[in-house]
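Below is one structure, written out as structure tokens, with a few remarks after it.
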């Protein structure tokens, strides 16, 4: 019974300090919200721009195609192709673009002659993804050119002979070449059109014009990616705040006074653990509700509640374990912050596991953060409770173990150092 | 009655409490008097069931607190030296929580809280958060928490340390009031005046051992009704001891450079005979003062030291 009085008193303390409590719950929400606003679209440029330097020494067709791609209206704000000379190399040294595409002199003639032609792509090492996009684009262009060079070999050989000849070609020869191209184009037509596979790129939500004004769907999409991780970060900080209270009680003599009443150390610890659990679960539920209000589709309500409860158990167990081995409230704060941030980074709360180096994947799976984050992500992706059962088991089991060990250690310390 | 039997407690190599035994009789205030570090708080913690003794036992009305802790603790009210209240809660919240731990609820709890707040003069601050209270107000609230469930035995650990005279008077008045209602009190202090003023009997403790227990009269008689002479001047300790201990009827309690303390036994030649001998001892004296028998002289006669050392 004393445990419930202790729980009630702790909850009353949150109610008596509405400002502090609101701040405690708001911080993770604010962090996730800031992420969503920053990466959720709605900016003047509508997103990230890939800047490519084009050093075309050959004034080639490919160069003009690349230049044209940058000038297309749909590329506005996404792809910027800047024609440069040799100074482009210096610009790359200053990190002025994602990549430099170099088409050397004689490139077009090599393509026409069917001899090896080289396209050089110099990537910006400071960027991780954008240079890869440019590289993939150039590889695609090179593949098309190579295929065309082989498929149109007879016609290109004629063009090559025209280029080698001292005199201008005869009208009849040009006409014949034109007719040949025409026939070849018709042959290709049956292979190419209509395309068997069609690409449909769909912007989530608003049209482009609306997108530049506001993008709630974009925010929801980004929140769907980041909120699970930030929610776990938030619940860990809530659990830290609640468990730190136990050290505060010990340092200020509250525990000693409580033990003079008909309160056993066990009932005190049970009361405090319940308090940590309730605060963590309520905090996580609020974060989930806020995400839902912002458009995040969390999926099955039953499964979401199950993840909230087990994640709260996991957070409570983790922090109770940490606080049980530290010497003071201040030390507890420092150690807990390091543990929380490390676990969140390693567990994929900030960066999806797929973006992390492979050797870190097994390490990520040792953190409860990973299991909680992936549980939420699975539900957002349309999974049901059956899909997250392993996550629930790991979270509940790991958390319960943490609570048991933490409470045992704390109990021993209370008994030993109660004076 | 609280019976303390041969309590011992060590912390590593430090013997904090060494074979302590005494009784607190029903309805009395027993003072546990001793300097800081004498073992008072450790003893009180063992009596209140917070700290387990290495050996010995504590019986409250014949029941062992370590065998029946929850039953015995319902009869105990403990006011620790530390003010252990939740500062972010109101005075009423703190008391309500504390009362609920003793099974109080509903209107009974509300009445007890109101009564307690009025008794310690905090009724007008009941809804204020404790964070804004002065040290004295917090101590009064702490006392109120110890009294809320109307305990039969009240244990107080230096409840007046570090507070203003007005708050101190209020606390002492409340303690007298509850004693008049039949509550038995164990009161630890290092303030001699408080012990003399408040307590029916006094146990003197030093270095973890009980030196003596009795009423003020019994203790002063125990010390031989000695009067204490304090000397000050330009002498050194060895010189003072050599010259003073040869005087008949005098016991040198302490002799140092510039000061010395002597006790004059009642059965000897008396102060009027001793004083001229002291003055003619050849010691360069600047000041001589006479102290009537009190707890200070009792403590000095038992330990050779002043209580405030």
Selection from region B:48-84 of residues that are at the interface with chain A (Cβ under 10 Å from one of its Cβ atoms) and closer than 22 Å to residue B:205 by Cβ: B:48, B:49, B:50, B:51, B:52, B:76, B:77, B:78, B:79, B:80, B:81, B:82
Residue check for residue A:312: touching a residue at least 12 places away in the same chain (Cβ under 8 Å), buried (at least 17 other Cβ atoms within 10 Å of the Cβ) and in the same structural domain as residue A:229 (by TED's automatic domain parsing): yes
Which of the residues spanning region A:283-304 are without any contact (Cβ under 8 Å) to a residue 40 or more places away in the chain and in contact with a helix residue (DSSP H, G or I) (Cβ under 8 Å, 6 or more places away or on another chain)? A:285
Looking only at residues in region B:141-155 that are touching a helix residue (DSSP H, G or I) at 6+ places or on another chain (Cβ under 6 Å) and more than 19 Å from residue B:182 (Cβ to Cβ), which one is surrounded by the fewest Cβ atoms within 10 Å (Cβ to Cβ)? B:141
Across region A:248-271, which residue is farthest from the chain's Cα centre (by Cα) among those that are in a helix (DSSP H, G or I) and at the interface with chain B (Cβ under 7 Å from one of its Cβ atoms)? A:260
Going through (1) without any contact (Cβ under 8 Å) to a residue 60 or more places away in the chain; (2) over 15 Å from the mean Cα position of the chain (by Cα); (3) surrounded by fewer than 23 Cβ atoms within 10 Å (Cβ to Cβ) one by one, residue B:25 fails only at (1)
Does any residue of region A:138-153 turn out to be without any contact (Cβ under 8 Å) to a residue 60 or more places away in the chain and farther than 28 Å from residue A:75 by Cβ? yes
Only one residue in B:105, B:96, B:100 is crowded, with 21+ Cβ neighbours inside 10 Å, more than 20 Å from residue B:156 (Cα to Cα) and either facing another protein chain (nearest Cβ under 9 Å) or without any contact (Cβ under 8 Å) to a residue 60 or more places away in the chain (or both), so which one is that? B:96
When region B:36-49 is examined, which residues are found to be out of contact with any strand residue (DSSP E or B) (no Cβ under 7 Å at 6 or more places or on another chain) and either more than 20 Å from residue A:250 (Cα to Cα) or surrounded by fewer than 22 Cβ atoms within 10 Å (Cβ to Cβ) (or both)? B:36, B:37
Selection from region A:11-22 of residues that are within 14 Å of another protein chain (Cβ to nearest Cβ), assigned to a helix (DSSP H, G or I) and without any contact (Cβ under 8 Å) to a residue 40 or more places away in the chain: A:12, A:13, A:15, A:16, A:18, A:19, A:20, A:21
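The values are calculated or read from the model by the stated rules, or taken from the named source; none is laboratory data. Worth saying up front: this structure is predicted, and the values here are computed from it rather than measured. Note that we place each Cβ from the backbone using ideal geometry, even for glycine, and neighbour counts take in every protein chain shown.
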